[in-house]
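In what follows, a structure is listed as C-alpha cells, so that the remarks can point back to it.
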Amino acid sequence: MKNIVLVGMMGCGKTTCGKLLAEKLGRTFLDCDLVITEREGRNPTQIFAESGEQYFRDVETALCHELEEQEGLIIATGGGMVLRQENVDALRKNGVVFLLNRSVESIFDGEDLTDRPLAQKGRQDFIDRFEARRPFYFGAAHEVITDFSTPEATVGAILAKLKEYEND
Ligand code: S3P
C-alpha cells in the first residue's frame, strides 16, 4: 500500500488533515516536523536559529530517503520539503502526493504562524514566498485539493480522489 503524502504551504492544514485522514483510514500518521523535532531535541525554530536552514533541509532530505522505504503511512511534510527535487522523487517513489492548495492569504490571516521561522517577515513576504514555491508544490503533486471549508471536507476530498489509486 502506498504512502499518502500531504504537501503545501506552512499552516495550510497538513498536520490537522493528516491526523484525521489517518484516523479515518486506520493508518499510521507521521508528521515530518515532529520526527525531526524529536530526533534533534529541538524544534524547527531552534534548528534554524542554531544550525541554519541548510542544516534543517539536509535533515529533511535524510528523512525523505527513509520514508521512501516505508509504506501505508499518512505523511505530513514540512512546507519546504518539496524545494529539493531529490525529496520529491523520494516522496513520490512510494507515495501519492496531495497538494493542499489553500489560499495563502487565508493562511496568513487565519493561522497562528509564530512557530514558523520563515513566516516572520510579514504578509507580503509570506505571499511572495508562496509564489516562488508554487511551481515546486504543483510539480510535486499527483492531486490538488482546493476545499478548505472544514478539515472534514478537505479529508473528504482527499478520500474521493484516493479511490482512483485504490489498486496501487
Ligand atoms: C517550513 C515549514 C514548516 C517547518 C519549517 C520550514 C517551510 O513546516 O518545516 O518551519 O519552509 O515552509 P509546516 O509546513 O508544517 O509549517
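Taken together, the values in this text are just the output of simple stated rules run on the coordinates, not laboratory data. Treat the numbers as computed from the prediction; the structure is a model and nothing was measured. In this analysis, Cβ positions are derived from the backbone assuming ideal geometry, glycine residues included, and neighbour counts consider all displayed protein chains.
In whole Å, what is the distance between the alpha-carbon centres of the range 1-74 and the range 111-168?
Going from one Cα centre to the other spans 14 Å.
Take each of the peptides 76-85, 16-25, average the number of other beta-carbon atoms within 10 Å over its residues, and list them starting from the highest.
76-85, 16-25
Step through the table entries LYS19/LYS93; LYS2/LYS24; LYS19/LYS163; LYS19/LYS121; LYS24/LYS121, compare each Cα-Cα distance with 27 Å, and write down the pairs that go over it.
Beyond 27 Å between Cα atoms: LYS19/LYS121; LYS24/LYS121.
Extending each Cα 7 Å along its Cβ direction at LEU118 and GLU71, get the distance between those two points in nm, one decimal.
3.1
Using the 2.2 N^0.38 Å rule of thumb for compact globular proteins, work out how the range 1-43 stacks up: its C-alpha Rg over that value, please.
Against the empirical 2.2 N^0.38 Å value, I get 1.24 for the range 1-43.
Above 25 angstrom, tally the Cα pairs of the range 19-128 and express them as a % of all pairs, no decimals.
The answer is 26 percent, as a whole percent.
If you consider only alpha-carbon coordinates, what radius of gyration and Dmax does the range 20-60 have, in Å?
12.9, 38
So, counting K/R as plus one and D/E as minus one, what does the shell of residues with Cβ under 14 Å around GLY52 add up to?
-3
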